[in-house]
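Only one structure is covered here, and it is reproduced in the block below.
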Amino acid sequence: MKLLKFKWQQIILCLGCLLLIIACQSSRPSTNPGAKLLKVATDPTFVPFEIQKADGKLEGFDIDLMNAIAASAGFTVQFEKLPFDGMISTLQAGKVDAAISGITITPERLKTISFSRPYFKAGLAIAVRENNQDIQNLNSLKGRKIAVQIGSTGADFAKTIPNAKISTFNSGPEFFQDLLNGNVDAVIGDAFATLYAINNGQLKGIKVVADLLTEEYYGIATSKSSPHMDAINNAIATVLSNGTYKQIYQKWFKAEPPQLPDSP
Ligand code: ARG
């Protein structure tokens, strides 16, 4: 009899443990078990769009937006860090499903990859050393030494400046360092990234001159044969209309987002 009682106590204890385990499992943040894994390339050297923290974690406007898009479309995102220059060929080779990296939608790029509807209004700007008085506008860049990021729209723009001597770099931090070192006279790069870095004290000694050189829009890129573009576009429409986009924009830019066109 005593033995039987002990067994009952054991059974109740085991059931209790089982319930506790089930409760813990269901309260764990789940990554939507049925969700499709989406490998998304990004070059995290571009404040405030994609930034790599000291512990290796990624953050930024694009990262927040991509996560919101994934949540809406039922994807689980896995970010893959890649140099900006290799992103288009990596997409074409099918090694990643998509790329988000402040990538400007251009007619040239549309020949080889697909873009989502525009998700950010951007443009190029000229940056010089703070004490530079000679370079005030585009005209004064003729024949100057200019640093740009390899494979960027800034690099394409610099090629159109008569007699400019262009140095190419893999990332923003490198070409700004070259400017600070006095090796080049100016940098042509994305205005929002440059202004954000200046305003946050990350580019001491550098200023932006003149108005924006271009009007550009960023899009999420996939290969031409991707089955995911419709889902991505629908999710962008959802986050634009339900206030999520506005919230992310305000978090990073402390401003109201501008109107965006609805096709690339
Ligand atoms: N918007 C420019 C382009 O598409 C530069 C983007 C650079 N992005 C980056 N994550 N480094 O060419």
Q | Spatial extent of the chain: Rg and Dmax, with the Cα atoms as the point set, Å | A | 24.1, 100
Q. What FRET efficiency do you get for Asp55 and Ser263 if R0 is 35 Å and r is their Cβ-Cβ distance, rounded to the nearest 0.05?
A. 0.35
(Q) Cα atoms only: what Rg and Dmax, in Å, come out for the range 35-172? (A) 17.0, 55
Q | Rg in Å to one decimal, and Dmax rounded to a whole Å, for the range 135-226 via C-alpha atoms | A | 13.8, 45
Q.
Quick check: the distance between the Cα centres of the range 243-264 and the range 171-205, to the nearest angstrom?
A. 24 Å
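Quick one: Cα convex hull volume of the range 81-143, Å³ per residue?
Values: hull volume 9.8 nm³, N = 63.
It comes to 156 Å³ per residue, whole-number rounded.
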Q) When the chain is treated as a GNM, springs tying every alpha-carbon pair under 10 Å, which of Ala54, Ala68, Ala237 comes out with the largest mean-square fluctuation? A) Ala54
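Using a simple charge model, +1 on the beta-carbon of Lys and Arg, -1 on the beta-carbon of Asp and Glu, nothing else, what dipole does the range 165-232 show about its Cα centre, in debye to the nearest 20? Could you put the intermediate results ahead of the total?
Numbers: 4 positive and 8 negative charges, 36 e Å.
For this selection, approximately 180 debye.
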Q. Which value, in debye to the nearest 20, describes the size of the charge dipole of the chain about its Cα centre when Lys and Arg Cβ atoms bear +1, Asp and Glu Cβ atoms bear -1, and nothing else is charged?
A. 1080 debye
Q: Rounded to the nearest 500, what is the 222 nm mean residue ellipticity of the chain from helices alone, with -39500 (n - 2.57) per DSSP H run of 4+ residues and division by all residues?
A: -11000 deg cm²/dmol
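Past 18 Å, Cα to Cα, is the threshold; run Lys57/Lys81; Lys39/Lys95; Lys57/Lys224; Lys121/Lys254; Lys165/Lys204 against it and keep the listed order.
Values: Lys57/Lys81 11 Å; Lys39/Lys95 8 Å; Lys57/Lys224 30 Å; Lys121/Lys254 15 Å; Lys165/Lys204 24 Å.
Over 18 Å apart, Cα to Cα: Lys57/Lys224; Lys165/Lys204.
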Q) Picking from Leu180, Val77, Asn200, whose Cα lies most toward the positive end of the charge dipole for the chain (charges on Cβ: Lys, Arg +1; Asp, Glu -1)? A) Val77
Q. With each label point set 7 Å from Cα along the Cα-Cβ vector, what nm distance links Ile150 and Glu108?
A. 1.6 nm
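Here, each number is a calculation from the coordinates, and none is a lab measurement. Just so it is clear, the model here is predicted, and its values are computed rather than measured. All Cβ positions, glycine included, derive from the backbone under ideal geometry; neighbour counts span all protein chains shown.
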